[in-house]
Amino acid sequence: MSGFLGEFFGTMVLIVLGVGCGAGVNLRKTYAHGQNWMFVTLAWGMAVTFGVYVAAHFGADGHLNPAVTIAFATFGYFPWTQVPGYLLGQFLGAFVGAAIVIVQYYPHFWQTKSEADGNTVGIFATAPAIPQPFFNLISEIIATFIFIFALLNLGDFSAGLKPFVVGLLIMVVGQSLGGTTGFALNPARDFAPRLAYTVLPVPHRGNTHWEYAWVPVVGPIIGGLIAAGLERMI
């Protein structure tokens, strides 16, 4: 139960802070409107940092990410018995986090009346800068491989100042590899907020682009498996 609660609350905090940044940057009449990519990657990095801290406080490992959980379990870094609880916590936490952001920015969604104005699924989920599914998938595989391979070499990344190091890792991955697809790295981070944007009453909702949604789910899982498999081999 501690694993579920930790992953739920940790992922909720991750999404509130990360998707909240997306809302602030994109929606009209916010003080953060129009901020740059550095602002976005820094916010997501710190969102992961504090999500890991929250998860660890509740007794979880701070994965916050099905790609991490599945890769770690596949190659013996994490017990399979805990995988269902971790995955459930991650997806539910991400959905609730997205719902909180919708409430926080509700008047700004009303003011942002179209996709052209910024009311897009990109607030909640990722999208390719150039839509080419094969290369978009490769981008997510590479970015997640680098993230999880580095993560595996941090040891217990929920201890001490290591969550801050994980946040810096997320930030640099976003700055160096995230410009192609928005660096999902995390199926729960993309799928659940996209679902929230689809099913919750968001004013002037734009296209939810479910035709792309498989890429930020499949790509991170493949990238994570390659990273954990390589780490186990060497």
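Matching residues to (1) over 24 Å from Ile102 (Cβ atoms); (2) surrounded by 24 or more Cβ atoms within 10 Å (Cβ to Cβ); (3) out of contact with any Gly (no Cβ under 9 Å at 6 or more places or on another chain):
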residue	(1), (2), (3)
Met1	yes, no, no
Val13	no, no, no
Gly20	no, no, no
Val25	no, no, no
Ala32	no, no, no
Ala56	yes, no, no
Ala60	yes, yes, no
His63	yes, yes, no
**Study point:** Residues of segment 94-149 classified as at pLDDT 95 or above, more than 25 Å from Leu177 (Cβ to Cβ) and out of contact with any Gly (no Cβ under 6 Å at 6 or more places or on another chain), total
**Key:** 14
Review point. Which of the residues spanning segment 64-92 are outside any helix (DSSP H, G or I) and not aromatic (Phe, Trp, Tyr)?
Key: Leu64, Asn65, Gly76, Pro79
Exercise for review: For Gly182, indicate whether it is of a type outside the set (A, V, I, L, M) and at positive phi.
Suggested key: yes
Review point. Does segment 147-167 contain at least one residue that is over 24 Å from Gly3 (Cβ atoms) and surrounded by fewer than 18 Cβ atoms within 10 Å (Cβ to Cβ)?
Key: no
Review point. Restricting attention to segment 38-55, does a residue exist that is farther than 25 Å from Tyr106 by Cβ and assigned to a loop (DSSP other than H, G, I, E, B)?
Key: no
Point to revise | Residues located in segment 110-137, provided they are assigned to a helix (DSSP H, G or I) and touching a residue at least 12 places away in the same chain (Cβ under 8 Å) | key: Trp110, Gln111, Val121, Gly122, Ile123, Pro133, Phe135, Asn136, Leu137
Exercise for review: Give me a count of the residues in segment 193-221 that are of a type in the set (Lys, Arg) and either outside any helix (DSSP H, G or I) or more than 23 Å from Leu17 (Cα to Cα) (or both).
Suggested key: 1
Check your understanding: So is Phe157 under 29 Å from Ala56 (Cβ atoms) and outside any helix (DSSP H, G or I) or not?
Key -> yes
Practice item. Could you list, in sequence order, all residues of segment 74-88 that are surrounded by fewer than 17 Cβ atoms within 10 Å (Cβ to Cβ) and either within 19 Å of Gly51 (Cβ to Cβ) or within 21 Å of the chain's Cα centre (by Cα) (or both)? Key: Pro84, Leu88
**Study point:** Single residue of segment 124-176 satisfying the filter (over 23 Å from Cys21 (Cα atoms) and of a type in the set (Phe, Trp, Tyr)) that is nearest to the chain's Cα centre (by Cα)
**Key:** Phe145
Review point. If you check every pair at least six apart or on different chains, which have Cβ atoms under 7 Å apart with a residue in segment 159-171 that is closer than 14 Å to Ile148 by Cβ first and a residue that is polar (S, T, N, Q) second?
Key: Val166/Thr49
Exercise for review: Would you mind telling me which numbered condition in (1) of a type in the set (S, T, N, Q); (2) touching a residue at least 24 places away in the same chain (Cβ under 8 Å); (3) out of contact with any Pro (no Cβ under 7 Å at 6 or more places or on another chain) Asn186 fails?
Suggested key: (3)
Review point. What pairs come up if the first residue lies in segment 10-28 and is touching a residue at least 24 places away in the same chain (Cβ under 8 Å) and farther than 18 Å from Ala127 by Cβ, the second is among the charged types (D, E, K, R) and not in a helix (DSSP H, G or I), and their beta carbons are under 9 Å apart, counting only those six or more places apart or on different chains?
Key: Arg28/Lys113; Arg28/Asp117
Check your understanding: From the list Gly229, Gly224, which residue is assigned to a helix (DSSP H, G or I), at pLDDT 95 or above, of a type outside the set (Phe, Trp, Tyr) and buried (at least 22 other Cβ atoms within 10 Å of the Cβ)?
Key -> Gly224
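The values are calculated or read from the model by the stated rules, or taken from the named source; none is laboratory data. Because the structure is predicted, anything quoted here is derived from the model rather than measured. We place every Cβ from the backbone using ideal geometry, glycine too, and count neighbours over all the protein chains shown.
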